[in-house]
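Notes follow once the structure below has been shown.
The values are calculated or read from the model by the stated rules, or taken from the named source; none is laboratory data. A quick note: this is a predicted structure, and the numbers were derived from the prediction, not measured. Heads up, the Cβs are rebuilt from the backbone with ideal geometry, glycines too, and the neighbour counts pull from every protein chain shown. Side chains included, ligands, DNA and RNA excluded: accessible areas come from the protein's heavy atoms. Shrake-Rupley method; radii C 1.70, N 1.55, O 1.52, S 1.80 Å.
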Amino acid sequence: MNVSAFGSIDECAIALMSRPPNILWFCTDQQRFDTIGALNNAYISTPNLDRLVGEGVAFTHAHCQNQICTPSRTSFLTGMYPSSIRACICGNEEYSGAAPLVTRLLANAGYVCGLAGKLHIASPWLGPEKRGEDGYSFFRYSHSPFSRLDQGNDYMQWLLDQEIDPASIFTRKPPGLDTEFGSYLPSVKPEIHQTTWCTDETIRFIGDNRDRPWLMSVNVFDPHSPFDPPEEYRRRYDADDLPGPHFEVNDLEIQTRLEGVDFPNKAMHPDAFEAKDKMAAYYGMVELIDHNVGRLLDYLDETGQREDTLFIFTSDHGEMLGDHGLISKGCRFYEGLVRVPLIMALPSRFRADMRSDALVGLIDIAPTLLDLASIAPPPLMQGRSLLPILEGKVEPDSHRDFVRCEFYHTDEGIGTEWKSVGSRANMVRDRRFKLVVYHGQEYGELYDLKEDPWEHVNLWESGAHQSVKSRLMRTAFDSVALSVELGPRRIGRY
């Protein structure tokens with residue numbers, strides 16, 4: 001804080017108390033909800049995320065609104081369902097601009113906004129991602145660690161500036177693909193990893209912007225596949241000591257009946273693709289993320305900003321990681337794919353060490369930020385502020401009666417062997433049951449999450465559950481109808 005800008009020390013203190021909080025928004029890519037030690041994972045080491053859980057509110061039932069990057073990210077940046085803002089696909093030329101990004105609204109209100117890592121509300125396939133009115137004045141872009149320089153990869157440029165040959169830390173891909181390089185080599189040092197670079201850029205941004213409210217988006221690529229942590233993190237996990245994926249033999253029968261629905265790989269026994277080895281690598285990637293979360297928490301403490309900085313930790317969607325015999329992501333709605341971490345900590349205002357089992361959506365983040373900054377949300381924003389729960393004004397376990405996730409021809413599979421068939425589907429779940437309707441298909445899914453939390457027993461054809469199925473179908477139908485974008489504002493009777 002520049003004291004001279006306000007006058008006396010007392011005036012400076014008043015300005016600090018009256019200004020809205022800073023926002024540090026750490027969003028990983030493809031991280032499941034069940035990857036944090038303090039939230040019931042006894043196999044993973046996440047001391048810094050555990051610390052963040054202790055300082056704030058952890059929402060244990062947070063759900064994305066689409067299980068692919070671009071629709072999910074556009075959704076939580078606008079507080080709208082992807083289908084309401086024409087943001088349903090991945091690989092799109094540009095964001096439609098149908099609703100303002102929350103970062104733009106905060107920038108308009110006086111926040112300085114920065115980003116390090118990926119944005120991915122438009123495609124980087126043919127060149128740098130097209131940016132619209134995103135509000136970011138500090139923009140250190142790296143869609144993925146191995147994206148080419150002609151895709152605007154600031155991280156790759158940083159490596160070259162440090163005289164680090166990318167070929168010494170990445171595998172090479174065959175000519176003609178979208179990237180020259182592939183996964184990290186095991187020998188990569190953590191201090192030059194993209195996750196660390198994003199954190200370094202964030203610390204630089206925070207240090208340069210202490211004189212006014214700031215928002216920083218830390219959008220690392222990990223723990224997205226390929227499963228390639230530095231070796232020193234990979235060796236911390238012995239695959240034989242891990243529990244492995246949630247899998248039952250009858251899962252293969254269910255997936256066989258869903259083979260006409262988009263998913264990039266065929267279900268098989270997890271042993272066939274070494275799922276436990278992938279889990280060990282995935283956990284190593286999460287632990288590197290955790291280390292850098294700790295660096296940020298420590299820096300905020302050292303600079304006296306921790307009390308008045310909202311630290312959000314979340315992810316855009318999950319990862320199957322072998323559950324039900326599947327790896328990666330696609331048109332499925334299992335817990336490991338649609339449930340994500342969501343921790344929000346602001347020591348000066350929020351509850352501490354609170355677990356909330358309320359059903360929430362990532363669309364609830366944007367209205368929460370606007371509420372916190374005393375900014376009126378756009379009239380059609382569909383998310384609901386979480387501030388009453390965070391501040392202890394309401395009971396922590398009630399927010400929504402249900403959550404919905406949608407998939408509308410999301411992933412084309414351009415440039416890969418897998419080609420999309422254009423699946424469309426909706427999931428709705430309440431406190432107990434989850435329904436998935438694959439539009440145009442006779443077969444769907446219905447699970448009793450109380451009796452069957454990992455969704456191995458499909459009740460879609462169960463006679464005893466047809467009333468539940470009918471009720472949730474009406475709920476989903478109503479939710480879709482009520483989220484339709486009506487077009488420009490009305491100015492007259494006709």
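Using only Cα atoms, what Kirkwood radius does the stretch 96-212 have, in angstroms? Kindly include the intermediate steps, with their values, before the conclusion.
Numbers: mean 1/r = 0.0643 Å⁻¹.
Result for the stretch 96-212 stands at 15.6 Å.
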TODO: Check the straight Cα-Cα distances from K469 and name the lysines below 16 Å, setting aside those fewer than 8 residues away within the same chain.
DONE: K434, K450
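Roughly how big is the chain's charge dipole about its Cα centre, with Cβ charges of +1 (Lys, Arg) and -1 (Asp, Glu), in debye to the nearest 20?
Numbers: 49 positive and 71 negative charges, 353 e Å.
Here the chain has a charge dipole of around 1700 debye.
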Task: Carbon plus sulfur fraction of accessible area for the chain, probe 1.4 Å, in percent - done: 51 percent
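Count charges around I365 for me, please; just the other residues with Cβ under 13 Å from its Cβ, Lys/Arg as +1, Asp/Glu as -1.
On the way: positive: R73, R384; negative: D316, D364, D371.
So the environment of I365 carries a net charge of -1.
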- [ ] Can you tell me the order of 109-115, 486-492, 268-274, 193-199 when each peptide is scored by its average per-residue count of other Cβ atoms within 10 angstrom, highest first?
- [x] 193-199, 109-115, 268-274, 486-492
Open item on the list: In the chain, if the dipole is taken from +1 on Lys/Arg beta carbons and -1 on Asp/Glu beta carbons about the Cα centre, which of F311, L160, P270 is farthest to the positive end?
Closed with: F311
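Using the Cα centre of the stretch 317-416 as the reference point, and only Cβ charges (+1 on K/R, -1 on D/E), how large is the resulting charge dipole? Debye, rounded to the nearest 20. Let's see the in-between values first.
Working: 10 positive and 14 negative charges, 41 e Å.
It works out to roughly 200 debye.
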Open item on the list: Through the Karplus equation 6.51 cos²θ - 1.76 cosθ + 1.60, θ set to phi - 60°, convert the phi angles of the stretch 131-142 into ³J(HN,Hα) values in whole Hz; use x for Gly and Pro.
Closed with: 9, x, 7, 9, x, 7, 8, 10, 9, 10, 8, 8
Open item on the list: Largest first, please: the extent of the C-alpha atoms of the chain along each principal axis, to the nearest Å.
Closed with: 74, 64, 46
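Nearest 500 deg cm²/dmol is fine: what mean residue ellipticity at 222 nm does the chain get from its DSSP H runs of n ≥ 4 alone, each adding -39,500 (n - 2.57), divided by its residue count?
After summing the helix terms and dividing by residue count, I get -8000 deg cm²/dmol.
Normalised by the residues of the chain, what does the relative contact order come to in percent, with Cα pairs under 8 Å and at least six apart?
Working: 1046 pairs, mean separation 110.3, N = 494.
In percent, rounded to a whole number, it is 22.
What does the charge dipole of the stretch 264-386 about its Cα centre add up to, to the nearest 20 debye, if the Cβ of each Lys and Arg holds +1 and the Cβ of each Asp and Glu holds -1? Intermediate results must be reported in sequence, preceding the final value.
Details: 12 positive and 18 negative charges, 90 e Å.
Approximately 440 debye in magnitude.
Kindly report the accessible area of the chain per residue (heavy atoms of protein chains, probe 1.4 Å, no ligands, DNA or RNA), in Å².
Details: 20170 Å² over 494 residues.
I get 41 Å² per residue for this part.
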- [ ] Would you please put 31-42, 308-319, 81-92 in order of how densely packed they are, using the mean number of other Cβ atoms within 10 angstrom per residue and starting with the highest?
- [x] 308-319, 81-92, 31-42
TODO: Based solely on C-alpha atoms, express the radius of gyration and the Dmax of the stretch 338-454 in angstrom.
DONE: 17.7, 52
TODO: Along each of the three principal axes of the Cα atoms of the stretch 35-89, give the extent in whole Å, ordering the values from largest to smallest.
DONE: 40, 21, 16
Task: For the stretch 198-262, the spread of Cα positions along each principal axis, largest first, Å - done: 59, 33, 17
Task: Reachable lysines, given that their alpha-carbon falls under 22 Å from the alpha-carbon of K278 and they are not under 8 places away in the same chain - done: K173, K189, K266, K329
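Once the other residues with Cβ under 14 Å from the Cβ of I375 are scored (Lys, Arg +1; Asp, Glu -1), what is the net sum?
+1
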